[in-house]
Amino acid sequence: MIQRYGIYEIVLSRTIDAASNPFVDVTLSAAFTQRNRVVHVDGFYDGDGIYRIRLMPDQTGEWTYATHSNLPDLDDQHGSFIVGPAAPGQHGPVRVANGTNFAYDDGAPYSPIGTTCYVWNHQGDGLEERTLATLATAPFNKIRMCVFPKHYDYNHNEPGFFAFEQTASGFDWTRFNPAYFRRLEKRIAQLGALGIEADLILFHPYDRWGFSHMDRATDECYLRYIVARLSAFANVWWSFANEYDLMPAKSMQDWDDYFRLVQTSDPAQHLRSIHNCRGFYDHAKPWVTHCSIQSSDLHRAAEWVGQYGKPVVFDECCYEGNINHGWGNITAQTMVHRFWDGFTRGAYVGHGETFMHPDEILWWAKGGDLHGQSPTRIAFLRRVIEDAPAGHIVPIDIHWDVACAGIPGEYYLFYFGNRQPSFRVLPLPADRRFTIEVIDTWEMTLTELPGTHSGDTRVELPARSNIALRVRRSGERGRRGEGEKRWEGA
């Protein structure tokens, strides 16, 4: 029996003709049926005469399948299997919920607390395992990572594996390297075991090998192959590019067509986004599920949420660090402020870290260890968010000079940011009683005020910046009670 949201795999084998190319000459798919529902899934060649077709079953019960191929010995293969309940802690793929939020497929709440580690999966076993060990105690439940290696400052090492077969003159763009993809699958599965979503960047401009200048036919073949291999992993997201607008070899029509190709090829319908450098892609297009934004203008979060009507993720708001680039030397205090500011304005915010290292092992690129002060404070914020009544927060327009999110009449999270008021009068509903806590977002303290409150309530504040208030309807405590999670160490 396979568990719901697990991976069911059909494995077929045949002798390969040396004159043929099984990556492009063979078509293979399967129709999976449960009751009156049919799910069509493409297969792929995994080397050594092995073909695979993978399904992530999202419903329990009996499933049947039939294969289809242009090769008679792979065609018309039939079978059945039983799907049982999901494993503990497995909630399925992340979906868009209520328009501008996220939730897992089974309805469990999910708020992305992401980080960027562009090519951690290209660093070899030693450093990659160290990165996973760091992630096991970090607050992050999403990681941005590249399929292709990266050539940029602090990124000059040669990877050990590539997605395409190497030749004496470069790469054979018609043949994939299954060994590389097996390594990638292993890392994605390990992230899934940690409860971390793999936000896979499919293309990027920082390249010395030719991956950013593949022709359209190669791009499309690559996209079909990676979707066939990886769509059965529950924790996959598709990010079509990092800084798509720095890739002049691809037109806007190319990006539109690539989105549609993946949308129609992916039976699991994983989340789809694209990341900018300067100008935005049109996130309103129907194949975009959420906005992936590079910007430090967190105050515009509510504007973009309203404009696009989709979740807004500030995947890059600059990085805590001390390198020479301006985007990579903000303070931990600035990073923590941007997280609180973005979340209380209705968006989601991602972390990154770029501290100088004698061996050029910067977290943003290669992973390894975290050195900054922001992750502990981000863990504190994650606890506050997940302790909200719905497990996430949405913006509340109260026409103040302060960010606020929550549930009107039930729960409010105010954030004063760089302002430092000595008191504030809160216009609470007069027909309900509330408890009030003063939060120091840097010191990670929550101080509950005596008694309960209603109507216009004056709250004394410490007259310093980065203070928040949590206001909860009396009798409503946190969702998670007193339970602790691994990343709440502070």
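Observations, loosely collected:
- Residues located in segment 88-100, provided they are surrounded by fewer than 20 Cβ atoms within 10 Å (Cβ to Cβ), of a type outside the set (Gly, Ala, Ser) and part of a strand (DSSP E or B): Arg95, Val96
- Residues located in segment 258-301, provided they are farther than 25 Å from Phe343 by Cβ, part of a helix (DSSP H, G or I) and in contact (Cβ under 8 Å) with a residue 24 or more places away in the chain: Tyr258, Phe259, Arg260, Leu261, Val262, Gln263, Ser265
- Tallying residues that are in contact with a Gly (Cβ under 6 Å, 6 or more places away or on another chain) and either free of Cβ contacts under 8 Å to residues at least 12 places away in the same chain or not small (Gly, Ala, Ser) (or both) within segment 302-333 yields 6.
- Of all residues making up segment 17-68, the number that are closer than 26 Å to Gly84 by Cβ, free of Cβ contacts under 8 Å to residues at least 60 places away in the same chain and outside any strand (DSSP E or B): 5
- Some residue of segment 94-103 being at pLDDT 95 or above, farther than 30 Å from Val305 by Cα and not hydroxyl-bearing (Ser, Thr, Tyr): no
- The number of residues in segment 143-165 that are under 19 Å from Phe176 (Cα atoms) and of a type in the set (Val, Ile, Thr) comes to 1.
- Taking the criterion of being closer than 19 Å to Tyr51 by Cα and in a helix (DSSP H, G or I), the residues of segment 177-188 that qualify are Pro178, Ala179, Tyr180, Phe181, Arg182, Arg183, Leu184, Glu185, Lys186.
- Residue match in segment 153-176 (condition: within 26 Å of Ile50 (Cα to Cα), under 16 Å from the mean Cα position of the chain (by Cα) and assigned by TED's automatic domain parsing to the domain that holds Gly368): no
- Scanning segment 263-286 for residues that are surrounded by 17 or more Cβ atoms within 10 Å (Cβ to Cβ), within 17 Å of Val96 (Cα to Cα) and not small (Gly, Ala, Ser) gives Gln263, Asp266, Pro267, His270, Leu271, Arg272, Ile274, His283.
- Every test in (1) surrounded by 15 or more Cβ atoms within 10 Å (Cβ to Cβ); (2) in the same structural domain as Ala217 (by TED's automatic domain parsing); (3) in a loop (DSSP other than H, G, I, E, B) is passed by Asp106 save one, and that test is (1).
- Qualifying residues in segment 312-325 (those that are at negative phi and surrounded by fewer than 22 Cβ atoms within 10 Å (Cβ to Cβ)) - the one farthest from the chain's Cα centre (by Cα): Asn324
- Screening Val313, Val305, Val227 for residues that are β-branched (Val, Ile, Thr), touching a Ser or Thr at 6+ places or on another chain (Cβ under 6 Å), more than 28 Å from Asp172 (Cα to Cα) and assigned to a helix (DSSP H, G or I) leaves exactly one candidate, Val305.
- Options Pro408, Pro358, Pro389, Pro395; residue that is modelled with pLDDT under 95, surrounded by fewer than 16 Cβ atoms within 10 Å (Cβ to Cβ) and of a type outside the set (S, T, N, Q): Pro408
- Of all residues in segment 411-422, those that are crowded, with 19+ Cβ neighbours inside 10 Å and either in contact with a Pro (Cβ under 7 Å, 6 or more places away or on another chain) or over 17 Å from Thr344 (Cβ atoms) (or both) total 1.
- Only residues that are closer than 28 Å to Met335 by Cα and surrounded by 16 or more Cβ atoms within 10 Å (Cβ to Cβ) were counted in segment 423-436, giving 3.
- Qualifying residue in segment 126-140 (condition: within 30 Å of Asp257 (Cβ to Cβ) and outside any loop (DSSP other than H, G, I, E, B)): no
- Which numbered condition Ser20 fails, given (1) farther than 19 Å from Ala228 by Cβ; (2) at pLDDT below 95: (1)
- Just one of the listed residues (Gly328, Gly309) is crowded, with 21+ Cβ neighbours inside 10 Å and either more than 20 Å from Arg382 (Cβ to Cβ) or not assigned by TED's automatic domain parsing to the domain that holds Ile201 (or both), and it is Gly328.
- Count of residues meeting criterion [in a strand (DSSP E or B) and either surrounded by fewer than 16 Cβ atoms within 10 Å (Cβ to Cβ) or outside the structural domain of Gly406 (by TED's automatic domain parsing) (or both)] in segment 441-469: 7
The values are calculated or read from the model by the stated rules, or taken from the named source; none is laboratory data. For clarity, every value in this text was computed on a predicted model and none was experimentally measured. Here Cβ is always computed from backbone atoms with ideal geometry, including for glycine, and neighbour counts include all displayed protein chains.
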